[in-house]
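These notes concern the structure reproduced below.
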Amino acid sequence: MNKKEIFLSLLLALSLAFFVSPLASPSPDGLEKVAADKGFIEKEETRPAFLSPVPSYSWPGIDNDTLATGFAGIFGTVLVFGIACGVALIIKR
Amino acid sequence: MHIPDGFLAPNTWAPAWVISIGGLWYCLRRVSRVLRDKMVPLMGVMAAFIFAAQMLNFPVASGTSGHLLGGALAAVLLGPYAGAIVIAVVLIVQCLLFQDGGLTALGANIFNMSFIGSMGGYVIYNLIRKMINKNKGVVIGTAVAAWLSVVLASAACAFELAASGVSPLRIVFSAMVLVHMLIGIGEALISVTVVSFVLKTRPDLLYNEEIRHE
């Protein structure tokens, strides 16, 4: 991939994370729905907050839900891009 | 399908952790042998795209949603091992930073979505690609691998839940597989859209084991 292709594909991912993610369905996902229907959803335990600086894809301290989700999305997208590239660079012979 | 903390018993999550660490170690070693410079940004871009796409829950049935898991999609572009690593990176970041998927359940989540998704998905994809020639095989292989890998991952998840004693296998298995047969359709549609676009614009980016092993 050349620089332009990397830039454009990252821009697409960031746009999805920022502009589309606030529109995502708030319904429970397949596993959560099954857990609720079959009566084991209450077994879920939430971790202490220090382990999750951005719980539930919502940037802490931003009151606007759309923006809070959008920023969390941007942050995560950039972070996984960096980590995946970093891992690839390290294991590359 | 990210399992939270509390659903799995230690008899299930502990072995899943061991299998995932061993499996990822194996993937890293396999990839380091074949990794070329051009795959580095592609791994980053796939991780970014799959992370973003996983935030986009689509409605599937009454009061239920699903989102892309991306294992099969990553494998079609990166191969089974680099694909599994990329999905694992996404899952680890989601678990540690976004409280999506439990820390004890991380091993099981990596097993279900990264190993079954990418390595399992690749086996299915490759089988079909060899039976059907040219681009048609790539597209049909992607669709079937995407759909089936999600269904198989949900079946594995059901076994883990049953082994943990949260629900009888008979009940949780049919419930998980049924809803993920629907979610898998979304997985197949998104994966085929991306792979078709890459086929049209940069077909050389698709993983090709024959070329890489030369």
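Of note:
- Top positive-direction residue, dipole computed over the stretch A:1-62 with Cβ charges, set A:V54, A:F40, A:L8: A:L8
- Descending semi-axes in whole angstrom, ellipsoid equivalent of chain A, from the Cα gyration tensor: 30, 18, 15
- In a reduced charge model with +1 at each Lys and Arg Cβ and -1 at each Asp and Glu Cβ, the protein assembly as shown shows a dipole moment near 1260 debye about its Cα centre.
- Between the amide H of B:G79 and those of B:Y207, distances stay under 5 Å, these residues lying 5 or more places away or on another chain, with hydrogens modeled in the peptide plane.
- Dipole axis of chain B (+1 Lys, Arg; -1 Asp, Glu on Cβ), positive-most option in B:G186, B:M1, B:M43: B:M43
- Across all Cα atoms of the stretch B:33-129, the radius of gyration (one decimal) and Dmax (whole number) stand at 13.7, 47 Å.
- Overall, chain B carries a charge dipole of about 600 debye about its Cα centre when +1 sits on the Cβ of Lys and Arg and -1 on the Cβ of Asp and Glu, all other atoms neutral.
- Qualifying chymotrypsin sites (Phe, Trp or Tyr not before Pro) for the stretch B:33-101 [loop in DSSP, other Cβ within 10 Å: at most 16]: none
- Coordinate range of the alpha-carbon atoms in the protein assembly as shown per principal axis, descending: 52, 44, 36 Å.
- Size-normalised alpha-carbon gyration radius of the stretch B:10-209, reference 2.2 N^0.38 Å: 0.98
Bear in mind that the values in this text are calculations on the coordinates, not laboratory data. Being a predicted model, the structure only gives us computed values, none of them experimental. Cβ atoms come from the backbone with ideal geometry, glycine included; neighbour counts cover every protein chain shown.
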